[in-house]
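The values are calculated or read from the model by the stated rules, or taken from the named source; none is laboratory data. Keep in mind that this is a model prediction, so the values were computed, not measured. Note that we place each Cβ from the backbone using ideal geometry, even for glycine, and neighbour counts take in every protein chain shown.
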Amino acid sequence: MIAKIQPDDCDFKPYRISVSELADFLGVDKNSAYRECRKITKSLLTRVLEIYEPDRLLQTSWVSSAEYVNGSGIVNLSFDPLLKPYLLKLKGNFTSCKLEMLLSFKSQYTMRMYTLLKQYGWRKEREIELHEIREILGLRKDLYTEYSNFKLNVLLPTQKELSEKSDLTFEFDEIKNGRRVGAIRFLISPKPASAPLLPSDETHDDRTFTPEPSAVDRLSDLSVQDLLLLVPQQHRNKKTVFTALEVFSKRHGFDYVKRNILYSNAKADKSYAGFLNNALKADWGYDWDLEHNALPKNKALEVWERNGFASSREYDNFMYKKQMANYGLVIE
């Protein structure tokens, strides 16, 4: 909704949200999205937002109404009018691309850490008392009370996720008061511009792609070969698929791309290449991978299950093709 505010808007209007597009964006089943969306918007109507200012405290809801148009798959949402001075003055700076990045964060602490550091990103450095960091991140007083636990469960994971997904990175120094860490000095730096987003034009999905010699050299990287073997046979020669594997494996690593390929294999219903590209951009396979690899009680997972395959036969076939690829043989 925020991303739909235009720079010249002087007032709020109902913002149209497609339930189908929302399901695609969040990587959830469309049928589930239709069932749950009304519950979610009803809950949103009751969620209280508190805005602190020097002379007052404003308590309001994010949205004032949610209207469903029967049979359209559309919900019209309206911001509470009291939010005008806070949201309209953004003047379109909250782009949908930036929101996609923020929503890709898996940890609530990453979102808050990003907001904190972004305010001071161009100052390069900021020192913050440890108790103040805990308050900003919304940590309960009884949670991660020892600094070692705070560092392991909050500080290092947020550092890793920001480095992977955001437009800034940070290093940190521990400032000690005696023998205890009393403050953190953040060394903040902007990340170099990432590679441009892959084309989303689905009209090219059915085009086959024969790599140029230079591309063949790059394809010799074993990890890319392995990833290609995970893709269904009929999609391996598509340019968008090849480019996606190459770009995202360099950017995020083998396991990141693998889980999103396996997720796409299980969930894609129409355009495989388009679905895979969107999954890689937003890491749709993250939660799916966690659930898929969760150990059932009293049952050890088979090797093919641990590696995300649907059956032992599928896993054996993959391993056979991988071994043949090592010998320079391509098995169809």
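Applying the selection to region 1-55, what residues are in a loop (DSSP other than H, G, I, E, B) and of a type in the set (A, V, I, L, M, F, W, C)? Selection gives Met1, Ile5, Cys10, Phe12, Val28. Checked against the criterion of being among the β-branched types (Val, Ile, Thr) and either farther than 29 Å from Leu162 by Cβ or modelled with pLDDT under 65 (or both), the candidates Val247, Val303 yield just one match: Val303.
Taking region 236-254 as the range and being of a type outside the set (D, E, K, R), free of Cβ contacts under 8 Å to residues at least 40 places away in the same chain and in a helix (DSSP H, G or I) as the test, the residues that pass are Val241, Phe242, Leu245, Phe248, Ser249, Phe254. Apart from one condition, Asp226 fits all of (1) of a type in the set (Asp, Glu); (2) at pLDDT 50 or above; (3) under 10 Å from Ala273 (Cβ atoms); the exception is (3).
Restricting attention to region 142-170, the residues that are loosely packed, with under 12 Cβ neighbours inside 10 Å and in contact with a helix residue (DSSP H, G or I) (Cβ under 8 Å, 6 or more places away or on another chain) add up to 0.
Output the residue which, of all residues in region 47-86 that are hydrophobic (A, V, I, L, M, F, W, C) and either more than 27 Å from Glu36 (Cα to Cα) or more than 29 Å from the chain's Cα centre (by Cα) (or both), is modelled with the lowest pLDDT. So the residue we want is Val69.
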